[in-house]
1. Taking only pairs six or more apart or across chains, which ones have beta-carbon atoms under 7 Å, a first residue in the range 35-55 that is over 13 Å from Ala78 (Cβ atoms) and in a helix (DSSP H, G or I), and a second residue that is at pLDDT 95 or above and of a type in the set (D, E, K, R)?
2. Is it true that Ala74 is hydrophobic (A, V, I, L, M, F, W, C), under 23 Å from Gly234 (Cβ atoms) and buried (at least 19 other Cβ atoms within 10 Å of the Cβ)?
3. Filter the range 31-56 down to the residues that are crowded, with 16+ Cβ neighbours inside 10 Å and touching a helix residue (DSSP H, G or I) at 6+ places or on another chain (Cβ under 8 Å) and list them by number.
4. I want to confirm something. Restricting to the range 96-134 and keeping residues that are polar (S, T, N, Q) and farther than 23 Å from Met149 by Cβ, which single residue is farthest from the chain's Cα centre (by Cα)?
5. Starting from the range 225-243, take each residue that is at positive phi and list its partners that are among the hydroxyl-bearing types (Ser, Thr, Tyr), counting only C-beta distances under 7 angstrom and pairs at least six apart or across chains.
6. Does Thr181 satisfy the condition of being surrounded by fewer than 18 Cβ atoms within 10 Å (Cβ to Cβ) and at pLDDT below 95?
Amino acid sequence: MDTDSLKDVRRQAAMFSTISERYDLVNDLASLGQDLLWRRAAVRAMKASYDGSLVGLRILDVACGTGSSSRAFADEGALVTGCDIADGMLGVARRRERRSRSHGARRPMIRYIAADAMRLPFGDAAFDAVTVSYGLRNMPRPGTALEQMRRVCRPGGRIVVLDFDMPSDPCWRLIYTRYATAVLPVLGGVLGGDRDAYRYLNASIDSWPGRRGVAGMLRDAGWRDVAVRPLSGGIASLCRAVA
């Protein structure tokens, strides 16, 4: 599948809106059940950069989707703004936020807005930190998006990028590739309602340069002190850097 032809902002917004209701479930299955652990790892990585506490920290969650990552950071006391291009995803995120408030959630309220990561509608240095989970590889110009994230992050602020990757070990890579190629589109069709969308997601993972590519993009975009960490044998990875 030609993933580049689908990396158009309008097409991306429509595609992800279509699969928004079941996106998190299929993500869990595609990650072999590791998704929650990876999100926790992203939160820990951010906390480690701020003396173990995110309370009161202004965090921008780019490509926030249904808000899973936004909620993970808000649960630590951060003041989170989530943005995404897909109205369907944001609709799910806002509905879940209202539900959590009605159930007595005491964490800071999350603000969700529609925004293109390559043209972020925020002022320079508006946030203390930035994060993006599973979204960078879907952007038409990820380097431009990272430059925008650098612009809106205050000097010395941190970024944490979480995304799927490919294992370095040949055997583990083969096993995971076969699983993703055979199972992910089927799961997408049965659970997500759009088999082609999940074929795209699988192809986007396979063609993505992974942690080494992201590290290079971060440096090119002006981020410094870049560090990478593979997760679950390289199925996913965390990349961190300083503004």
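1. Ala45/Arg240
2. No, not satisfied.
3. Ser31, Gln34, Asp35, Trp38, Arg39, Ala42, Val43, Met46, Leu54
4. Looking only at the range 96-134, we keep the residues that are polar (S, T, N, Q), and these are 100, 102, 131, 133.
Keeping just the survivors that are farther than 23 Å from Met149 by Cβ gives 100, 102.
Numbers: Ser100: 21, Ser102: 26 Å.
In this case the residue turns out to be Ser102.
5. Gly234/Ser168
6. On the way: surrounded by fewer than 18 Cβ atoms within 10 Å (Cβ to Cβ): yes; at pLDDT below 95: yes.
The answer is yes for Thr181.
Conditions tested, residue by residue: (1) at pLDDT 70 or above; (2) closer than 22 Å to Met149 by Cβ.
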residue: Asp4; (1), (2): no, yes
residue: Asp28; (1), (2): yes, no
residue: Ser31; (1), (2): yes, no
residue: Ser49; (1), (2): yes, yes
residue: Leu54; (1), (2): yes, yes
residue: Ala74; (1), (2): yes, yes
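The values are calculated or read from the model by the stated rules, or taken from the named source; none is laboratory data. All of these numbers come straight from a predicted model, not from anything done at the bench. Note that each Cβ is placed from the backbone with ideal geometry, even for glycine, and that neighbours are counted across all protein chains shown.
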